[in-house]
Amino acid sequence: MTTREINAQGWTRRSALTAGLASGGALALGPRAQAAGVSETEFVSGLDGLARTIQGRFLTSGSRGYDEARKVWNLAYDRHPIAMARCADLDDVRRCVEFARRHALPVTIHGGGHSYAGFAAADSALQIDLGAFNAVKVDKHRRVASVGGGVRIRDLLTATLAEGLITPMGSCGDVGVAGLALAGGDTAGRGLFGTACDNILGAELVTADGEVLELGPGRNKDLFWAIRGGGGNFGVVTRLDFRLHPAWTSYVAQFDFGWSDIGGALRIFGDLVRDVPDAVRAGFEVDGQSGASATCGFIGDAATAAAYLERWKSSFRRVEARMSTFTPDPKGEVWTTTSVAVDGAFLDGVSDGAADVLARAAMAGRGFGDIIMGLSNGVAARVGMTDTAYPLRGTGLSLLLSSEWSRPEDRARSEHWVAEYGAALRPLARRAYVNYIPPSPPERIREIYGVNYPRLARIKARYDPANLFRSNQNILPASAA
C-alpha cells in the first residue's frame, strides 16, 4: 500500500495524536531524549506540538496506517521511524528539520522510496515525506523542467515528452527523481547528454539549520557541486531544475546467449565497448532464469544505426540478433515491491579477470542471481572527475549484482552470493554507483568518492556538522571523517 493510498483512507493529524503520541512509552525515546538534553515527557510533548503545527499529515507508532506507511520498496529492510510527516509545503519541511535538530533526531527523506538500501526509513528517526511536492513545470522555450522533491520519473517524463523533450532518467517510472539524480543518475542517455546530475541546473534545499537556499551556478556553489553525486547528505532537496533535450529514438540489437560460454561473450562485449560513438548505449545482463544477453542501442537515424549495428552482429555471429526500436516510456519497467540484496562496481573495462569473476558469478547464481552492466561513455565520461561530486567519470561499465527472494529461507543464499561476488570484484573496481550498494561503512564511501571525498566532508561539516542527514551512503563531517 502506498503512502498516497493511506492518505485517501484518512491518515490524519488527529489519528496520530490519539493513537501515537498519547503513549510516550511506545516511542522508546529514553536514550534519544537524554542525548538532546530533554526528558522523554518533554520530547513527546514537542512531537505533539509538531504534529499540531504542520499543515501536512502526521503518523507515529500506533497510528492507523503506520505499519504500511513505514514500508519501503525493498522489504529486506524493516524499520520503525518515531514519526512520519507528509509535509504540505516548505514551512512544514523547515519545522520538521528544526525539531529534529533540537532533539538530536536523525532525519530520513522519503521521495520515491525505491532506495535499494531502504534509506527512506530508519529506526528512531523522523521521516520527511515529500510526496506532496509532486509538481512538474516544463518551460519548453528555455528547455527546463522544474520538479518537486517527491516527483517520480513517470510524472517528469510524461510532462516533458508531451513537449517532445526529455532529460536523462532511470528505467523505472516509479523511482523518485531526486533520489536518482542526487546520487548521480546511472541513466541510458548519458553518452549524448550526461548523467541525471549533469543536467541539474539548480535546486532548492533546506539545510540542517532550517535555512532555505537556492543552488546553481554562482549560487551556493559548494552545495551545488556536492548535491550532484553526493546524495541527500546535505539537506532536504525540495526542488530540482533540469536541462531538457529533444526526445530520442534508439535502434536496438539484442543477442541472447543463454548459459553458453558467458565468459567468451563478455570478452567480445568488452572489445566492442572499448571505443564507441556517443550515440551508443550498451549493456550486458545475466538473468538468473534465462542466462546472458548483450544489447546495443544507437540513438539517431535508422540508416546510421543499422550500419553501426552490423559490427555487433558480425562479432556475435553465433546468435541471431533480435532487432527493436525504443522510444522513452514514462512508465518504463515495473519493479514490484520485493526483498533484494545488492552490490555494485564500476569497471574500467572487461578485463580477463573481470570476465572470469562474472562468468563464475553467473553460473553460481543460476536460478536466483542477476547481473546488470551498463556502459558509461561519451558526455558523462568526459566530465572532469572533480567538476561534480559524482565519481564515475571516464569510460566504464556500471555494474549491479542483485538477488531477490520471496521465502525467508532463501535470504541467506541471496545475500551470500551478492557478498561473495561483490567482494571478488572489489580488487578490480574500487568505485561504484552509490545507489547500487548496500548500507556501507565509512571506509567504503571514502573509497568510492576518492579524490572528491575530502571536499564533500568539508561541505558536510559546514552545513550538517551533527550529521542529521545520515540515512544515506553517509559522508561524515570533516571533523569526524
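The values are calculated or read from the model by the stated rules, or taken from the named source; none is laboratory data. Since the structure is predicted, the reported quantities are computational estimates derived from the model, not experimental observations. Neighbour counts are summed over all protein chains in view; Cβ atoms, including those assigned to glycine, are modelled from backbone coordinates with ideal geometry.
Please give the number of the condition ALA307 fails out of (1) touching a strand residue (DSSP E or B) at 6+ places or on another chain (Cβ under 7 Å); (2) at pLDDT 95 or above; (3) not basic (Lys, Arg).
So ALA307 meets the others, but not (1).
Residues to consider are VAL334, VAL319, VAL342; find the one that is surrounded by 19 or more Cβ atoms within 10 Å (Cβ to Cβ) and of a type in the set (Val, Ile, Thr).
VAL342
Would you mind stating whether PRO439 is surrounded by fewer than 21 Cβ atoms within 10 Å (Cβ to Cβ), under 25 Å from GLY176 (Cβ atoms) and at pLDDT 95 or above?
Yes.
May I ask you to verify whether ALA178 is touching a Gly at 6+ places or on another chain (Cβ under 8 Å), closer than 23 Å to TYR251 by Cβ, among the small types (Gly, Ala, Ser) and not assigned by TED's automatic domain parsing to the domain that holds ALA85?
No; evaluated as a whole, the condition is false for this residue.
Enumerate the strands (runs of 3 or more DSSP E) found wholly within segment 337-434, keeping only those where 3 or more residues are of a type in the set (Ser, Thr, Tyr) and touching a Ser or Thr at 6+ places or on another chain (Cβ under 9 Å).
396-405
For segment 362-386: of the residues being of a type in the set (D, E, K, R) and in contact (Cβ under 8 Å) with a residue 60 or more places away in the chain, which is surrounded by the most Cβ atoms within 10 Å (Cβ to Cβ)?
Here the answer is ASP370.
Name the single residue that is surrounded by the fewest Cβ atoms within 10 Å (Cβ to Cβ) among those in segment 267-313 being of a type in the set (Val, Ile, Thr) and assigned to a helix (DSSP H, G or I).
THR304
Out of ARG95, ARG86, ARG102, ARG52, report the one residue that is buried (at least 22 other Cβ atoms within 10 Å of the Cβ), in contact with a helix residue (DSSP H, G or I) (Cβ under 9 Å, 6 or more places away or on another chain) and closer than 26 Å to GLU211 by Cα.
ARG86 is the lone residue from the list that is buried (at least 22 other Cβ atoms within 10 Å of the Cβ), in contact with a helix residue (DSSP H, G or I) (Cβ under 9 Å, 6 or more places away or on another chain) and closer than 26 Å to GLU211 by Cα.
Here are some conditions: (1) crowded, with 16+ Cβ neighbours inside 10 Å; (2) outside any helix (DSSP H, G or I). THR325 meets all but one. Which one does it not meet?
(1)
If a residue has to be closer than 30 Å to ASP343 by Cα and either within 23 Å of the chain's Cα centre (by Cα) or part of a strand (DSSP E or B) (or both) to count, how many in segment 84-121 make the cut?
17
Quickly run through segment 347-379 and pick out the residues that are among the small types (Gly, Ala, Ser) and farther than 13 Å from ALA282 by Cβ.
So the first thing to find is which residues in segment 347-379 are among the small types (Gly, Ala, Ser), and the list is 349, 351, 353-355, 359, 361-362, 364-365, 367, 369, 374, 376, 378.
Selection gives SER351, GLY353, ALA354, ALA355, ALA359, ALA361, ALA362, ALA364, GLY365, GLY367, GLY369.
Quick test of your reading of the structure: ARG426 fulfils all but one of (1) within 16 Å of ALA354 (Cα to Cα); (2) buried (at least 18 other Cβ atoms within 10 Å of the Cβ). Name the failing condition by number.
Result: ARG426 fails condition (2) only.
With the condition being crowded, with 19+ Cβ neighbours inside 10 Å and within 19 Å of the chain's Cα centre (by Cα), I'd like the strands (runs of 3 or more DSSP E) fully within segment 139-257 carrying at least 1 qualifying residues.
Once the strands (runs of 3 or more DSSP E) in segment 139-257 are filtered for at least 1 residues that are crowded, with 19+ Cβ neighbours inside 10 Å and within 19 Å of the chain's Cα centre (by Cα), what remains is 144-148, 200-206, 236-243.
Check ARG143, ARG94, ARG86 and return the single one that is of a type in the set (Lys, Arg), assigned by TED's automatic domain parsing to the domain that holds GLY170, at pLDDT 95 or above and touching a strand residue (DSSP E or B) at 6+ places or on another chain (Cβ under 7 Å).
Residue meeting the stated conditions: ARG143.
In segment 242-285, what residues are among the acidic types (Asp, Glu) and within 15 Å of PHE193 (Cα to Cα)? Before the answer, list the steps.
Taking segment 242-285 first, the residues among the acidic types (Asp, Glu) are 256, 261, 271, 275, 278, 285.
The answer is ASP278, and nothing else.
Look at segment 435-464 and say how many of its residues are in contact (Cβ under 8 Å) with a residue 24 or more places away in the chain and not in a helix (DSSP H, G or I).
5
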